[in-house]
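What follows is a single structure, written as structure tokens, with notes after it.
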Amino acid sequence: MRIRRTRKAMALATLLAPALMMAAQEIRPLERPVFPEADTSRFYTVGGYRHGISFFPKVRDPHVEYEPTDRLTFDKYHSSEVIYHHMKRFAAQYPDLVDLYEVATSYEGRPILQMTVTNKKTGKATDKPAAYFEGNRHSGEVSSAESVLWLMSHLLDNYGKDPEITRVIDNNTIYLRPINNPDGHNLYMHTAQANRSTVRPTDNDGDGLLDEDPPIDLNGDGKILRMRYKDPEGDYIIDPRDKSGRIMKYVGKGKGEYKVVSEGIDHDGDGKIGEDGIGGLDLHRNYPENWRPMYEATGHGWSQNTAGTFPLSEIETRSVVTFLLENPNIYVVNSMDTRVPMHLRAPSTSAPEERMYPEDLEWYKHFDQVGKSITGYEKAGDVYVAYNGDRTPTPLFGHGPDFGYFYYGAIWYGDEIWDNGKPKEDYNNDGEKDELDQLIWDERENQGRGFTNWTAFQHPTLGAVEIGGWDPKFFSQNAPSGHVEPWIKNEALFNLAMIKHLPRLEWGDYEVKKIKSYRTDSTDYRVRLTYKNIGKLPTALKQAHLVKIVKPDRLNVTFTGQATEGERPNYQVLNESLTQPKPWRPADSQEPNHNYHKELGYAQGESSNEVEFTVRIYGENPLSLKATLNTTRAGQLPEQEIRIRE
């Protein structure tokens, strides 16, 4: 009967097969959505519900390369499509060095790509000391993405050619995420709009409406510039020193001839223009360390504008934190921004001496100087004191560098690239470096592309206005494309210098010495192992140990050879110099345990370290051991075999 049922089933399957195949042909696999930067529409539509408009004319900025080629240069910025193209190209070109993967999807559903660079033949990525470099957390700070891409290209294209680069990739792991905020990056590159971070709709001005008042490119030139118009209660005059009439000078509220505002219209009738544009949450205030809410109930405590509804509420930040916590071998980090040329680090809410271990702070001060020597930045230091300078310190909460040190125990910078077009010299010899000198530099070195001359425009509510001013994207916020490479290169070289400081372990010599023999046919041997940290950093910062993001360095020893005779061990480790991990075997196991370990603390940089223990061997049996060394942030030492007695 069983055979007959099987035959019937087979016959039925044969009859139904053509129909099933036809039905299968009607089932189409799910495809990724087509995002506005890739569709054929003239408009770019932003995701999310908001009270203001969500679609804007597409632009193609002359500073940006929008179509990929097989040649990567840095005389222009790159759209996300171009950056991702080159990441995929590198992954195909260097399969033994690169893993490329999607680490998360953004608020709007775009892939966030990340690359792991290491020589796979020299060990697992997670078994090596590591660095993590990230760009474009803030939408418009696209120089940071270019710096990560520059470092990526520099490392991979020079592997096997440059001995230092080859050593770096052989012995370390480098995680690279050029664009952590692809939604903001695409909005910035494909429209005239700009925003702080995520495009999630937000009430920036506290009126209960979301994104209701974005700035608008009224004259259709692809930029959102400034508008100036005459007003008896104006705050500005045309700077009398500027014969061209381009520079506006602030003279005090109500004391001028002109008002100067963002290009756009007052959508919500509150008397302000462009004060509540797309998004507004700040991914750099969304970290869990010392986070504060955007509003607090008492009116007497601290809050942090743009912080998000809770720590790590935004997937872009959450994906960074979870990846780092899952990969605690990461020791140095730089999550970069733009416009204030500075090597920027923790703390963000207090003076460094109040909260940081002195030995850790010394390392940060060392990297401050390393950075300045490479980039030429005038400033380096903490957010709370050094960044504020002569101003009264203002705390920042939920800040990345604070998470990086206090929570994660790493060397973490949030460096700023570019200088907002700050004058390089006093070109007109008037004793000041000011906006007039910016104009001269722009004309001499940038073909005058940084400033758009004021042109008349009839505004729907203000009447006669003029639109003009500095390019907000590729002069003020980022370097003009023809000048960006030295900035991104120098920042990348600072990051490379931090990689070169990572700890690096080597076995040293070992010694086995007979120290005592007994009449009862046993002999004691002293075993001395040496290991070195030839890197500059210790195997962990003190803060990393405090928060238990790392484990102490550990020597693992397994005795081999004729270690047992029946159930009786032929040796004994004396003085508890080594301990046995528990539980080390199943409860019902009768096999002797020959595994021992010893916690060693943390090895300082450029140090030689010794481990010593005594073993008693019974009878004339041979005995050997195999030793390994495990660390969280300095990598692993391979197995070394030592013969105690032949």
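The values are calculated or read from the model by the stated rules, or taken from the named source; none is laboratory data. Not measured: the values here are computed from a predicted model. Note: ideal-geometry Cβ built from the backbone for every residue, glycine included; neighbour counts use all protein chains shown. Side chains are part of the model used for accessible areas, which takes the heavy atoms of the whole protein and leaves out ligands, DNA and RNA. Shrake-Rupley method; radii C 1.70, N 1.55, O 1.52, S 1.80 Å.
Here are a few things to note about the model shown:
- Flag if LYS365 is more than 22 Å from LEU281 (Cβ to Cβ), touching a His at 6+ places or on another chain (Cβ under 8 Å) and in a helix (DSSP H, G or I): no
- The sole residue among LYS272, LYS243 that is of a type outside the set (A, V, I, L, M) and over 37 Å from the mean Cα position of the chain (by Cα) is LYS243.
- For the range 471-487, the set of residues classified as in contact with an Asp or Glu (Cβ under 9 Å, 6 or more places away or on another chain) and open to solvent by 40 Å² or more (accessible area, probe 1.4 Å) consists of GLY482, HIS483, GLU485, TRP487, listed by residue number.
- Picking from residues in the range 447-466 that are hydroxyl-bearing (Ser, Thr, Tyr) and part of a strand (DSSP E or B), the one that is least open to solvent (accessible area, probe 1.4 Å) is THR452.
- Every condition in (1) in a helix (DSSP H, G or I); (2) crowded, with 21+ Cβ neighbours inside 10 Å; (3) in contact with a strand residue (DSSP E or B) (Cβ under 9 Å, 6 or more places away or on another chain) holds for TYR384 except the one numbered (3).
- Hits in the range 135-156 (condition: among the hydroxyl-bearing types (Ser, Thr, Tyr) and more than 13 Å from the chain's Cα centre (by Cα)): SER139, SER143, SER153
- Filter result for ARG345 (buried (at least 24 other Cβ atoms within 10 Å of the Cβ) and either among the small types (Gly, Ala, Ser) or touching a helix residue (DSSP H, G or I) at 6+ places or on another chain (Cβ under 9 Å) (or both)): yes
- The number of residues in the range 117-169 being of a type in the set (S, T, N, Q) and in a helix (DSSP H, G or I) comes to 8.
- Residues that are under 22 Å from LYS128 (Cα atoms) and surrounded by fewer than 18 Cβ atoms within 10 Å (Cβ to Cβ), drawn from the range 637-646: PRO638, GLU639, GLN640, GLU641
Conditions (1) out of contact with any strand residue (DSSP E or B) (no Cβ under 6 Å at 6 or more places or on another chain); (2) at pLDDT 95 or above; (3) not hydrophobic (A, V, I, L, M, F, W, C), marked per residue:
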site: TYR132; (1), (2), (3): no, yes, yes
site: GLY135; (1), (2), (3): yes, yes, yes
site: GLU141; (1), (2), (3): no, yes, yes
site: VAL148; (1), (2), (3): no, yes, no
site: LEU156; (1), (2), (3): yes, yes, no
site: ASP162; (1), (2), (3): yes, yes, yes
site: ILE165; (1), (2), (3): yes, yes, no
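- VAL64 satisfies every condition listed in (1) at pLDDT below 95; (2) open to solvent by less than 30 Å² (accessible area, probe 1.4 Å) except (1).
- Residue match in the range 170-182 (condition: out of contact with any Phe, Trp or Tyr (no Cβ under 9 Å at 6 or more places or on another chain) and on the phi > 0 side of the Ramachandran plot): no
- Restricting attention to the range 587-629, the residues that are under 27 Å from LYS542 (Cβ atoms) and surrounded by fewer than 17 Cβ atoms within 10 Å (Cβ to Cβ) add up to 9.
- Residue-level analysis places ALA307 outside the set of residues that are among the hydrophobic types (A, V, I, L, M, F, W, C), in a loop (DSSP other than H, G, I, E, B) and either open to solvent by 40 Å² or more (accessible area, probe 1.4 Å) or touching a Pro at 6+ places or on another chain (Cβ under 6 Å) (or both).
- All of ILE238, ILE165, ILE224 fail the test of being surrounded by fewer than 21 Cβ atoms within 10 Å (Cβ to Cβ), among the aliphatic types (A, V, I, L, M) and closer than 16 Å to TRP470 by Cβ, apart from ILE238.
- Any hit, the range 484-502, residues being touching a strand residue (DSSP E or B) at 6+ places or on another chain (Cβ under 9 Å) and assigned to a strand (DSSP E or B): no
- Close pairs (6 angstrom Cβ cut-off, 6 or more residues apart or separate chains): of a type in the set (Asp, Glu) in the range 121-145, at pLDDT 95 or above and open to solvent by 10 Å² or more (accessible area, probe 1.4 Å) anywhere: ASP127/GLN636
- Among (1) closer than 23 Å to ILE83 by Cα; (2) open to solvent by less than 50 Å² (accessible area, probe 1.4 Å); (3) in contact with a Leu (Cβ under 9 Å, 6 or more places away or on another chain), the one test that THR191 misses: (3)
- Here THR298 fulfils each of the conditions (1) open to solvent by 60 Å² or more (accessible area, probe 1.4 Å); (2) among the β-branched types (Val, Ile, Thr); (3) not in a loop (DSSP other than H, G, I, E, B) apart from (3).
- Candidate set from the range 398-421 (those that are among the aromatic types (Phe, Trp, Tyr) and open to solvent by less than 10 Å² (accessible area, probe 1.4 Å)); member that is farthest from ASN334 (Cα to Cα): TRP418
- Among strands (runs of 3 or more DSSP E) entirely within the range 537-625, having at least 2 residues that are hydrophobic (A, V, I, L, M, F, W, C) and modelled with pLDDT of 75 or more singles out 553-561, 571-574, 607-618.
- Some residue of the range 510-527 being open to solvent by less than 70 Å² (accessible area, probe 1.4 Å), out of contact with any Lys or Arg (no Cβ under 9 Å at 6 or more places or on another chain) and aromatic (Phe, Trp, Tyr): no
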